[in-house]
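Below: the structure, in structure tokens.
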Amino acid sequence: MFQEFFSSATELLSQLSHAVQTNNSDGWRTAAHALKGTSYNLGAKLLGDYCKTAQEQNNASRDEKQEILENINSEYGRVRAYIKAGEY
């Protein structure tokens, strides 16, 4: 289950980054929605909340989306480290 989460999260983070770079609001919203669902299903509430914000801020500026993405990436790193350390 965790490996599947890591694989899908890595792909979705890449999609979010690409959406910021290309100003693709639909791609941004779709990737944020997908990562939100997998995060909440895993119990990573804060990560899911950041993704929810991303989804809702679909029409935000590129700078705002970049800031949201930094928060998502940072929290994903914490979730990944927590899981890898076996602290769940």
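All of the numbers you see were taken from the coordinates with simple rules; none came from a lab. Keep in mind it's a predicted model, so treat the numbers as computed, not measured.
Details
- J(HN,Hα) series, region 2-14, from Karplus relation 6.51 cos²θ - 1.76 cosθ + 1.60, nearest Hz, glycine and proline x: 5, 5, 5, 4, 4, 5, 5, 5, 4, 5, 5, 5, 5
- At 1.002 mPa s and 20 °C, Stokes D of the chain from Kirkwood alpha-carbon radius, µm² per second: 169 µm²/s
- Compared with the dominant principal axis of the Cα atoms in the chain, helix 25-42 is inclined by about 20°.
- Length-normalised contact order for the chain - Cα pairs under 8 Å, 6+ apart - percent: 26 percent
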